[in-house]
Structure formats: structure tokens, C-alpha cells
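S.K.: To start, I am sharing the structure in question, which I have written as C-alpha cells.
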Amino acid sequence: MRTLSNFARLLILLGLSLLGTTAYAQFSLKLPGTGNSPVDIGSLFGNASKMVKGIDEPEEIQIGQGFAATLLGAKPLLADEHAQRYVNALGHYLALQTERPDLPWTFAVLDDPGFNAFATPGGYIFITRGLLQRMQSEAELAGVLSHEIGHVLRKHYLKAVQKNAGASLLGDLASMKGGNSQIKDSVVNFAKNLYSKGLDKEDEFEADRIGVIVAARAGYDPYGLPAVIQILEEQSAQDNNFSLLLKTHPPPLERLDRLDKLMKNQFDSLPAASGAPIATRLKEY
Amino acid sequence: MKIPAFVLSALLAANLAYADPAHTIRATDLHAESQSDAATLAFIPENTALDVVQRRGAWSQVKAGAQTGWVRMLDLRFDVKPGSGSSNSGNAAGGLNGLLASGRTANSGTDTTGVRGMTEEDLNKAQANPAEFQKMQSYASDKAVAVAFGKRAQLTQSNVPYFPEPAK
């Protein structure tokens, strides 16, 4: 199931799950829960998990693989094995601090001078080379990765699939026949559109709240993420290296104000490592 | 160990450039050290312009007039940098530009500042790339590597609860 993606299967699953969840949304049919966790995380964390009940975890992973292949079609991997292995070790370590440690967490650095990071369903997470180069400490990078991990934990992209999948995509998926190993254009187009437009602003705020905590659990300075948002605050939206991120996220000032109100001084007594210099880590991995 | 000249110059340039203009969003104390029980050097009113030198955890070291000290980082907001294109902070991570392998798509070696980041157009033109995805999977670390990372980095894990959901 978690071996290499079979994209035909992905598309069938995506089609079925979209149809299923559409029915759920429109007619309030109670589909049998496919809950894969012994804990009712939905009741703890609000509605996000409940809204995507029609899509189970293997389906979520396959959808994520289709989205990841699309992002890699926009920008390839950075040809630096040290950087790739390092972000995987750090990112997976962070993911182990969460309620979904068993996803196939996979991290990658895109060969892109811009400043951005992306997540897909199922635990596939991307940062750009330009972001990595601008990190002042490992704690900042941990903050960014933890924010993206937050999107995966709360299934923000699946929620967007449910909210925005149009009739043509649903039709395409429903009419699809097996045996086609190509990723359907409609899925690629959906992913392209989703990553151009970005998520709901509230989902971004939620990922900020989670990012701070996951980094803190892991032993990192929890102010790494706010420090990165301060970097964003300084940038002009006209700077091409920042414009896509700034367009797809709430204003950095608002993100900082929200974290400011939550964090206060409650982390002062925690161990808060800034981590090794990233340049040192790149030599280790 | 010998530090390549270009890395060194990037580091020096970063240090010189890293005095970012910011302002206080509330009245705050300037402390002698990066902790709240450190001696208070001065009272800084709301909306005071100052320069940020560095950060340490929740604290930013600032130059305020003739004085240098530490204030809570979230009492500050940075001013938007004038101009666009290459930003000063781009080279600040200890010369990472030199240490990362040069981009295979870059036209001009390691010079990245003149090349723009991913845009909507790049996304619009994208075709799925399953081969690249397979390559990505080949770099994934298993749990043992992840656990070993935390041990090697001597990180202390804590059981910190999530923030409560904000009131709607």
C-alpha cells in the first residue's frame, strides 16, 4: 500500500472519495467512519478531521503523492544529497513528536531560489533552496517544517480538495478507467490551482500554532517560527522571491500578532536549543 | 579547517548587514541580558525605532540610540526593507550559498540572487513528474534515523500541549 505510487489507483481512490464526500456534504449521509486512530482526534481538535472522514489514510497518502509529483514538475529537487538527507532526518524527527508519527513522512528541498514551503496530504513536505539558505538557525528551519507538518496533521489540503473540487474534476475521476499509469490532467490542474491560491487563512494560523508547539516538543527554540515570519514581514511583496508565499498566506503582521497573544512568556522555562549551524549539519548528512 | 574566502566574505557581509530596522509595538524594557530577570537598562516607549542585531530565543538584541540591550522579540515588528530583489538576509546562514550544491537549473553557477523564485506561472506550466517523486522517496529517512537525529543533536523533548482552539 505504501510502496511506490500507482497513479491509476490513486485516481480511482480520489474519484471515489470525492464522490463519497460530496454525498456526505450535500445530503448529510453518514458514511461509515474510516477512523484509523484509536483516539477521537476530531473531537479534540475541532471539525477539521471530521470533515475529511470520507478519505482514509492510504487514500490521503496517494492523493499527496499526486500533488507532490505535480510540485516536482514545477521545480525539480535540489541536486544536493546532503541537504535532502538532512531535511529528512530533521523533519521526520519533528513528525515523531506528533499524533501522526506513522505517516510516510518525506521531506525535500526544491531547486528554487525563492522563499517558500509546501505540504501535501500524507506527509510530503517541500522547502525551497532559497528558504534553506536564509535560515539563521536550525530552530528556524524546525519552525518552518513544523508549520508544514501542522497542515498535514489537520488535513488542511484534504479539506481544500473537498471544498474546491469542481464538477469537471469529479466527472473526470468518476469516468476514469483503470490501467492508466499517467496522472490525470485534472488532478495536476487541481494541485496547480491549489498551490497557486493557497489554503484558507485560518488554516495557516492553525499551522502556525501547531508549528510553535511541535518545535518546542522536539526541544527547539519555539521562537524559530516567529523569527521566520519576522523575515517575511521585512520583505516587499514585489520581491519575486517572496511574492508567491506572501500572496498565499495571511499578512505576516497578523500572523505575528496572533502568535504574540498566544505565546506571551510561557515558554521561558523550556529547554530551547537553536540547534547546530545548518552548514555543519550538511556535512554530517 | 580552512574557510574558503567566499564563505568568509559572505559571513562578514552578513554580520555587517544584519542590523535590521524595527520598532516597538508596545512599551518595553531594555534588559542587560536575554532574560526577564536581568537588570533593566532603560524603558523604551511604544513605537520607538531601533536596530535589531541578533536574536536569542524569545529575545532580540537591539541598538536603541546609544544603548545596546535585549528586548522581547515579539515586542518588535520589523520595517519593510526598501527595494526588492536580493535581500541582505539571503546570505546570512553562514555562507550556505557556497555549501549547497549549485542548482542544476541555474544558468550562472552559484549566483542565485538574480534568479526569481517559483511563481504562479511556473505552477501553471507544471507537468507531473513521477520520476522526480521516486527520487524524492529515495532520500526519506526511516524512524531509526529520525530518532538518532534527536539523540545526536542532544535535544530535550518536552510534553508541550497544543494551544487551545481560539474562540470563534
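The values are calculated or read from the model by the stated rules, or taken from the named source; none is laboratory data. Please read these numbers as outputs of a predicted model, since none were measured by experiment. FYI the Cβ positions are ideal-geometry reconstructions off the backbone, even for glycines, and counts take in every protein chain you see.
S.K.: Does B:Val145 meet the test of being at pLDDT 80 or above and in a helix (DSSP H, G or I)?
M.R.: yes
S.K.: From A:Leu225, A:Leu259, grab the single residue that is modelled with pLDDT of 95 or more and crowded, with 23+ Cβ neighbours inside 10 Å.
M.R.: Among A:Leu225, A:Leu259, only A:Leu225 is modelled with pLDDT of 95 or more and crowded, with 23+ Cβ neighbours inside 10 Å.
S.K.: Kindly provide the set of residues from segment A:98-130 that are in a loop (DSSP other than H, G, I, E, B), polar (S, T, N, Q) and more than 7 Å from every other protein chain (Cβ to nearest Cβ), ordered by number.
M.R.: The one that is in a loop (DSSP other than H, G, I, E, B), polar (S, T, N, Q) and more than 7 Å from every other protein chain (Cβ to nearest Cβ): A:Thr98.
S.K.: Right, another one. Being within 20 Å of A:Ser186 (Cα to Cα) and either out of contact with any helix residue (DSSP H, G or I) (no Cβ under 7 Å at 6 or more places or on another chain) or more than 7 Å from chain B (Cβ to nearest Cβ) (or both): is that true of A:Glu60 here?
M.R.: yes
S.K.: Considering every residue within segment A:63-77, establish whether at least one is at pLDDT 95 or above and part of a loop (DSSP other than H, G, I, E, B).
M.R.: Yes, because at least one residue in segment A:63-77 is at pLDDT 95 or above and part of a loop (DSSP other than H, G, I, E, B).
S.K.: Which count do you get for residues in segment A:221-242 that are within 7 Å of chain B (Cβ to nearest Cβ) and not β-branched (Val, Ile, Thr)?
M.R.: 13
S.K.: Still on this structure, I have one more. Can you name the residue in segment B:148-158 that is assigned to a loop (DSSP other than H, G, I, E, B) and at the interface with chain A (Cβ under 7 Å from one of its Cβ atoms) and is also surrounded by the fewest Cβ atoms within 10 Å (Cβ to Cβ) among such residues?
M.R.: It comes out as B:Thr156.
S.K.: Out of the residues in segment A:131-158 meeting the condition of being part of a loop (DSSP other than H, G, I, E, B) and within 7 Å of another protein chain (Cβ to nearest Cβ), tell me which one is surrounded by the fewest Cβ atoms within 10 Å (Cβ to Cβ).
M.R.: It comes out as A:Gln136.
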